[in-house]
Amino acid sequence: MSDRAPPLLTVRRLRVTFPGEQGDVVAVRDVSFTLGRQRVGIVGESGSGKSTTGRAIMGLVPKPGRITADEMRLGATDLRGLSERGFRRLRGRRIAMVLQDPKYALDPVMTVGRQIAETHRAHVGGGERAARQAALAMLEAVHIRDPERVFALYPHEVSGGMGQRVMIAMMLIAGPEVLIADEPTSALDATVQTQVLAVLDELVRGRGMGLLLISHNLHLVAGFCDRVLVMYAGRIVESCAAGQLHAATHPYTRGLLASLPDLHHRRTMLPQLQRDPAWAEP
Amino acid sequence: MSGATLRSWLLDPAPASRRQARLGRWYRSWRSLSRNGLAMAGLAIVLALVAIAIAAPLLADPAAATQQFLPARLQFFSRAHPFGTDELGRDIFARIVFGARITLTIVALVSVIVVPVGLGIGLPAGYFGGAVDAVLMRITDIFLAFPRLVLALAFAAALGPGIENAVVAIALTAWPPYARLARAETLTRRDAEFVQAAVLQGASHARILLSQIVPLCLSSVLIRLTLDMAGIIITAAGLGFLGLGTQPPAPEWGAMVASGRQVLLDQWWVATIPGAAIFITSVGFNLLGDGLRDVADSRAA
Amino acid sequence: MIRLDRVSVRFGSGARRFTAVADVSLDVAAGEAFGLVGESGSGKSTLLRAIAGLVGHAEGTVELAGTVMPRRRPRAARRLVQMVFQDPYGSLHPNQTVDQALAAPLRVQRLGDGERRIAAALHEVGLGAAHRFRFPHQLSGGQRQRVAIARALIVAPPILLLDEPTSALDVSVQAEILNLLTRLRQEHRLTLLMVSHDLAVIAHLCAHVGVMQQGRLVEQTTAAALAEGRVHHPHTRALLEATPGFTGTVAAD
């Protein structure tokens, strides 16, 4: 962990509120963490606020959601109160996001190669030829065997795993400092999942980037990240080194781990999670 | 039961009976509709139209709507004739009030024909697919290929003038979009897992169509109908204008516009007042339809 | 209880003909829990639908409880097998209450005593009277899946098919549903056939496991053998190695 180097991303007391019919709904409560040149995982169940946290950092919380924070910085840039235009300048160039389903994130009527090249031109500049070269190099970097062929394919012509690698290529081509990956492999088969994660790992390490991996999958996060934040009801209830997840202390984390079926350790009944309202309190 | 307890009973997330569940659902839809100001304006117009049609004999003298009185022709607004009189000396206010009945009759009859025909063609086409779909949709395409007003005119001319024939002519030209809509809605639902679950239970095709698919298609069909109502009223007025709708001396709004046309420059109100009635009613149905669509969309989301 | 003899399912025709399930033969004894694993496109869900009688043009023989199923299944045969689907949002009609969802199969199958049966079915899946008149949008994902299970079991089928019943749920809810299925299976002596992409989930519920790849059943094994890594087919090995938490070594065969 790079404790001494200034963090790439600093979040202190982040709060996201959505006004609702029966009063405000607080989706994220006082979330604080820093991200250096490392891989941090956020795990939690649906409704835990993990995705909203990622969206808040990207400036993608839909209206009428409200974001407040004591501190939210990308390097030296203050993200609080940044305008949509300001965020647009950051997105892609300094911070990027990979979502679960590449099918919805890619333009269906443009070849994947052109989309990557366009992204390159928009952020890095340069001519069409340079963009094409960069896109091909990026496709190669995500281990696509025949970049020339894949360059000319339309999104519906690529498989799920390849689509997600194309997404990663597109997101990383402008060389952002931080990548947020929200359930990047959840729609993929297990064998493909490993390949995509390996690609992601190689690039993030090789380029010295910070990665925030958002997932519901405890095993995946534990096996892939350096540090894990466990979220429950909008709050971080536990933060530990990924290797120490099996020794987690919070009853919620322990309950989640225990409720997973285990191939090696078959039981008739799985222990069920008993939720404690106190977990939602600070 | 006080208002507050009734409200909480309706909004109870755990209803205790079938009735409470259904009423609660309606109430929730009503609440989201009532928050939409324009939709409520539309609803107010439509309700006012219905009220006027029902209370017509109380608002105006039935005789005044049809009785000619040539000495008092083409008079401007007055206490005796709030909207003036037409070229035959008939009270325009009374004619507007009784004309609401004719408009509503056309609207109701067209709906009663169009919805079942549209569903009857569209549902089997979407559900069974294949040859059934091909045959039913080609028939629909043939009807769609003609311009609507021209086809309605041809039917009205062939069937002879009169309100019933005008209704039939409009309905015959109005159903194809409903068949297409019902087919499209059915297509998106026929492979739904709740339909497969019904197949597994041994439910017949008829039961699946009626109990699973119709309730989901019906709301979009009814919304489409409300939005189309403006067009139906205007087509009916158009037929009346051309003398193919209701026959004189019945106070049909379109025919009234037609008769006021000759004196439009000097006695503008003769054509303008029924024109305004057609316009306001069309806008009312349109706003209501828009609001209903928003409610349905927010429920689907 | 379930006997499949050379079941195939093909879609399309001519050059675009695509074989989703190819010559699968399988035996599942009464009271057994059998799991089918495979990746997307392996044909596991299509096979399940063919057994359920949802694929009209399936080839081969499907025999349930000693009776060969005809192409068009009579209403009484529908009571032999019921299914729970993957998506608890899509498998319940959005405009119908839980009560309506449970009453429909009783009406179709002409089973009387609806009041008692509905209350009993709800109780059995851990729901109460408070849930009976709710619409699906007023229920959580886990509660919806419980309703789907109650709907399947209300006609008392001897065979229950499960298509990824927990993959759309959170892990804590998954544990609750798996425990419910374990209990119901014992109480009703159900024969289960479950499809999943998750080996750990399959091995938890099913002692016998079949591995599918590209429409074919490539290996039949047991949960115990999987846990020890005693597998033969390379695809089974690949699936096993990709299973999170798999630490052992896969025996080279």
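Using a Förster distance of 45 Å, how high is the FRET efficiency between A:R13 and A:E202, based on the Cβ-Cβ distance and rounded to 0.05?
My answer for the efficiency is 0.85.
Say R0 is 35 Å: what FRET efficiency, to the nearest 0.05, do C:R10 and B:L218 get from their beta-carbon distance?
0.45
Considering only DSSP beta bridges whose two residues both sit in the protein assembly as shown, what percent are antiparallel, to the nearest 5?
55
For chain C, what is the mean residue ellipticity at 222 nm derived from helices alone (per DSSP H run of n ≥ 4: -39500 (n - 2.57); sum divided by total residues; nearest 500 deg cm²/dmol)?
Calculated from helices alone, the mean residue ellipticity at 222 nm is -10000 deg cm²/dmol.
To the nearest 500 deg cm²/dmol, what mean residue ellipticity at 222 nm is calculated for chain B from DSSP H runs of n ≥ 4 alone, each contributing -39,500 (n - 2.57), summed and divided by the residues?
Mean residue ellipticity, 222 nm, calculated: -24500 deg cm²/dmol.
Once the Cβ-Cβ distance between B:D297 and C:T222 is put in as r, and R0 is 51 Å, what FRET efficiency do you end up with, to the nearest 0.05?
The value I calculate is 0.50.
Just tell me the longest site-free run in chain C, where the sites are trypsin sites (Lys or Arg not before Pro) in a DSSP loop having at most 11 other beta-carbon atoms within 10 Å.
C:111-188
Any chance you could list P(r) for region B:157-301, counting all Cα-Cα pairs in 5 angstrom bins from zero, rounded to whole %?
2, 9, 14, 14, 14, 12, 10, 8, 6, 5, 3, 2, 1, 0, 0
Which of the aspartates and glutamates could a cross-linker bridge to A:K63, judged by Cα under 19 Å and excluding same-chain residues fewer than eight apart?
Hits, sequence-local ones excluded: A:E21, A:D24, A:E84, B:D294, B:D297.
Which loop-located trypsin sites (Lys or Arg not before Pro) does region A:55-134 contain, where loop means any DSSP state but H, G, I, E or B and the Cβ has at most 16 other Cβ atoms within 10 Å?
Taking region A:55-134 and a limit of 16 other Cβ atoms within 10 Å, the loop trypsin sites (Lys or Arg not before Pro) found are A:R80, A:R93.
Over chain B, with a Gaussian network built from C-alpha contacts below 10 Å, which listed residue (B:I139, B:I213, B:I170) shows the highest mean-square fluctuation?
B:I139
Give me the distance in nm between label points sitting 7 Å out from Cα along the Cα-to-Cβ direction at C:A120 and B:I139, one decimal.
4.7
Setting aside same-chain residues fewer than 8 positions from C:K44, which aspartates and glutamates have a Cα under 17 Å from its Cα?
Leaving aside aspartates and glutamates fewer than 8 places away in the same chain, those within reach of C:K44 are A:D189, B:E193, C:D5, C:D23, C:D27, C:E59, C:D87, C:D163, C:E164, C:D198, C:E219.
Set Lys and Arg Cβ to +1 and Asp and Glu Cβ to -1, take the dipole of chain C about its Cα centre, and tell me which of C:Q96, C:L205, C:A120 lies farthest positive.
Projecting each Cα onto the dipole axis, the largest value belongs to C:Q96.
To the nearest 10 degrees, how steeply does helix B:18-34 sit against the main Cα axis of chain B, on a 0 to 90 scale?
50
Which value at 222 nm does chain A reach when only helices count, each DSSP H run of 4 or more adding -39,500 (n - 2.57), with the total divided by all residues and rounded to the nearest 500 deg cm²/dmol?
The per-residue figure over chain A is -10000 deg cm²/dmol.
So what's the angle, to the nearest 10 degrees on a 0 to 90 scale, between helix C:171-188 and the longest Cα principal axis of chain C?
With both axes taken from Cα atoms, the answer is about 80 degrees.
To make sure I understand the rule: partners must be aspartates and glutamates, Cα under 15 Å from the Cα of A:K50, and not fewer than 8 residues away in the same chain. Which ones qualify?
A:K50 reaches A:D30, A:D182, A:E183, A:E238, C:D170.
Out of B:G162, B:G84, B:G202, any idea which swings most in a Gaussian network model of chain B, alpha carbons joined below 10 Å?
B:G202
Compute the long axis of helix B:163-190 from its Cα atoms, compare it with the longest principal axis of the Cα atoms of chain B, and write down the angle in degrees, 0 to 90, nearest 10.
On a 0 to 90 degree scale, this one is about 20.
Over the whole of A:41-48, what's the average partner chain Cβ count within 10 Å per residue? Rounded to a whole number, please.
That works out to 2 on average.
Under 13 Å from the Cβ of C:R3, count the other residues' Cβ atoms, weight Lys and Arg +1, Asp and Glu -1, and hand me the total.
Net local charge, C:R3 excluded: -3.
Give the average, rounded to an integer, of partner chain Cβ atoms located within 10 angstrom of each Cβ in A:192-201.
Rounded to a whole number, the mean comes out at 1.
Starting at 0 and stepping by 10 Å, how many percent of the alpha carbon pairs of the protein assembly as shown end up in each bin?
All Cα pairs considered, the percentages come to 2, 10, 16, 19, 19, 15, 9, 6, 3, 1, 0, 0.
How far apart, in nanometres, would the label points at A:A137 and C:R75 be if each is projected 7 angstrom from Cα along the Cα-to-Cβ direction?
7.1
Per the Kirkwood definition applied to all pairs of different Cα atoms, how many angstroms is the hydrodynamic radius of region B:49-113?
12.3
Measuring from label point to label point, each 7 Å out along Cα→Cβ, what is the B:A63 to B:A276 span in nm?
Taking the simple label geometry, B:A63 and B:A276 are separated by 2.8 nm.
How big is the antiparallel share of DSSP beta bridges in region C:152-222, given as a percent to the nearest 5?
55
Order these by the 10 Å Cβ neighbour count, fewest first: C:H204, C:H233.
C:H233, C:H204
If we count every other residue with Cβ under 15 angstrom of A:P102's Cβ, Lys/Arg +1 and Asp/Glu -1, where does the sum land?
-4
Computed from the coordinates by the stated procedures, all read-outs in this text should not be read as laboratory data. Since the structure is predicted, the reported quantities are computational estimates derived from the model, not experimental observations. In this analysis, Cβ positions are derived from the backbone assuming ideal geometry, glycine residues included, and neighbour counts consider all displayed protein chains.
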